[in-house]
Structures are given as C-alpha cells and as structure tokens.
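Working notes for the structure below.
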C-alpha cells in the first residue's frame, strides 16, 4: 500500500450541489479499494493563469492509501468528467528518512569547529593558508615573511576599511 | 619573488568574497517542501516566474531539487504561474 495525494480542479461554473456530487463520486472510487486519509477543500481560488478561459477553480485534495490501481482509476474518471480542469497525482515519499539520519550524524560530528572555520574564512585571511605552506617549505624565510605579514596585516586593515566603501559605491 | 606574489594577492583581495548564504530550509530542518505551500514557494520565484537559481537564494542542492519539483507541481495546478509579465 502506498500513500498518494491527488489534487484536482473543478470548473467554477458548476453549482454547489454539482461540485459536491463530483467530489463524493471521486471519494467513493478511493474508498472502494483504499483508505481515504484526508480530504481537503480549498474552495474557489484564483488561478495563476487561465485554464479553459476560467480565471478561478474549485480546489480539492485527496490524501489516501491504496494500491496503484486506484490512482489510475481516478485519473480515468477525471478524463471522462468535463468539469475537471486539471488533476495531479503524486506519490508520498517515506524512504527519505535514511538520508536525514545520515546527515544529522555528520552534522553532529562536525559540530562547532566547522562554524569556526566559516567565521575565519569570512574575515578573509585566505592568504594565510598559502603562507602556512610557505613556512613548511622554507622555515627561515618564513620568519622574515611573518614580519612582513605583520606589516601587511596593517595594510590589510586599511584596505578592508577602504574597500567596502568602494563596493557600496559600485552597488549604487 | 615574494613581492610579486604579494601584489597578486592584494589584487585578488579586491574581489570580496560574497556573504556566505545559508540554506533556509536546512536552518529550519525542513524535510519536505510541499507544493501546496504557495507562500513559501513564492519567495523562490523571480519576477518573471522563473525558479530562483541557487547562487541567488543560497539553497543547498538537496533542497533546491525538492524546491524545483514543488514549484513545477504547483505550476501544473495553477497555483504558480509558468511565466509572468
């Protein structure tokens, strides 16, 4: 047994009784072979675009559990009924819980350190990583580089202070 | 040598990294994106009715996939426009 959700639009020029009749007919089709879990009616609602020159339609949603034959039967009926403007059947998913669990575990493992990384990256000292690599290669030069770096950092501050303004100007 | 590298770097620093966007669905731990929830879907379509790209909305790939199917379903039921002018 699979869970399906079928939505259909009934033409707005029908009277209340006629609409009621169509809905109950369709509900019976479902009930015969499956279990109707929920029936949702939105009533007359404006369409985002005209369908068969109608600007609004009556929205109905069925949520049910049944064999695959039922949605086929429903759709066959929909095609026969002229008052149905549109219909859509989807299968409700149940297996995706797997993915979520895996992901949650991963997130927990990463936890805080990840967020810290993000913070440092946001401050934009991407150059530091390269500098770290340099240090490994040439330890002596690195010391000199560090001194320079210290000087450079001051420059950076200046740059960073001035650049945002430039950026704002560009955006304007 | 070191000088050259440095100048290159400072040049590249002019391009500021964009603000890190976080997927709003992940933040709220949303599992399903329902096609009936038009209010939420509307935030992810552009003026002309197009689905907003990931680089704009910052949605993660998993939720972007969900989102696009939800929007397409909503379009079939005329809850959302295929195109708007």
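Observations
- Residue B:55 meets the conditions (1) within 14 Å of chain A (Cβ to nearest Cβ); (2) under 14 Å from the mean Cα position of the chain (by Cα); (3) farther than 22 Å from residue A:46 by Cα in every case but one. The failed one is (1).
- Only listed residue being in a helix (DSSP H, G or I) and more than 11 Å from chain B (Cβ to nearest Cβ), chosen from A:65, A:73: A:73
- In this structure, residue B:31 does satisfy being modelled with pLDDT under 85 and within 26 Å of residue A:92 (Cα to Cα).
The values are calculated or read from the model by the stated rules, or taken from the named source; none is laboratory data. What you are looking at is a predicted structure, and each value in this text was computed from that prediction instead of being measured. As a convention, Cβ positions derive from the backbone with ideal geometry for all residues, glycine included, and neighbour counts pool all protein chains shown.
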